[in-house]
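**Q** This is the structure I have questions about; it appears just below.
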Amino acid sequence: MSPDLMEQLANQLGPNGLPYGLPIHPNLVHLTLGLFIVAISFDIVGALFPLEKRVFKFLAIPANSSNFFDVGWFNMVAAAVVTFPTVAAGFYEMLLAQPPSDEVSDWGLQGLETMLWHGVGGVLLLTLIVGMAIWRGFQRYRWRKDRARQVQWSYLITGLGVFALMFAHGTLGAHLGGEFGVHVSADRLLRAGEDLSVLNVLLPKMF
């Protein structure tokens, strides 16, 4: 890429280093996480429903295990679908990122290393979530369609393992924004020695 083209692109970017007001990736990430967590959580509740049945009856909550499994299934499908634009937006914003090279995170990683590991983790999570959705579909429509417990215990345990990976992956993302100021308008302006009062003009346009 020629210096003139790079300068032209830089002039089109906002104070957060993006051509739009608010980063897309962090918002989609939280949607993906929420859908996946709800999916596994409701499947766990459905699997343990025989133990919880009296509690629901005492609370006068009309529920059965199939209701929880329906929520688990549809949220898992939604998580798998949303993960694709989440990862795509993440890689686009990563290409425009300029993390500082003279700082390290609480994990002892530099900005570029953190960003690379976050990118690798995103692809891995995409693969796992899509794989979990396919696994869940086979259980729902083939392997366990006539059983009261629609999910295998191994599926639930794997889902909890993905939770742990999501925590580590999310922490890397938090380091990028919180410690390195990647695509954070106020942080970038401070590093450039500019006046933060410019945000009073920019923020209304962002919303």
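**Q** Look at Met76 and say whether it is over 22 Å from Ile24 (Cβ atoms), at pLDDT 90 or above and within 14 Å of the chain's Cα centre (by Cα).
**A** Against the criterion (over 22 Å from Ile24 (Cβ atoms), at pLDDT 90 or above and within 14 Å of the chain's Cα centre (by Cα)), Met76 qualifies.
**Q** Among the candidates Leu59, Leu18, Leu22, single out the residue that is at pLDDT below 85 and surrounded by 19 or more Cβ atoms within 10 Å (Cβ to Cβ).
**A** The conditions single out Leu18.
**Q** When you check Val38 against the structure, is it modelled with pLDDT under 80 and either touching a helix residue (DSSP H, G or I) at 6+ places or on another chain (Cβ under 6 Å) or within 29 Å of Ala164 (Cβ to Cβ) (or both), yes or no?
**A** In short, no.
**Q** So, one more: I'm trying to understand the selection: among the residues of region 131-149, which are assigned to a helix (DSSP H, G or I) and basic (Lys, Arg)?
**A** Arg136, Arg140, Arg142 - these are the residues of region 131-149 that are assigned to a helix (DSSP H, G or I) and basic (Lys, Arg).
**Q** Out of region 150-165, which residues are touching a helix residue (DSSP H, G or I) at 6+ places or on another chain (Cβ under 8 Å) and assigned to a helix (DSSP H, G or I)?
**A** Trp153, Tyr155, Leu156, Thr158, Gly159, Leu160, Val162, Phe163, Leu165 - these are the residues of region 150-165 that are touching a helix residue (DSSP H, G or I) at 6+ places or on another chain (Cβ under 8 Å) and assigned to a helix (DSSP H, G or I).
**Q** Please give the number of the condition Asp102 fails out of (1) at pLDDT below 85; (2) assigned to a helix (DSSP H, G or I); (3) among the charged types (D, E, K, R).
**A** The failed condition is (2).
The values are calculated or read from the model by the stated rules, or taken from the named source; none is laboratory data. This structure is a prediction, so every number in the text was calculated from the model and none was measured. Heads up, the Cβs are rebuilt from the backbone with ideal geometry, glycines too, and the neighbour counts pull from every protein chain shown.
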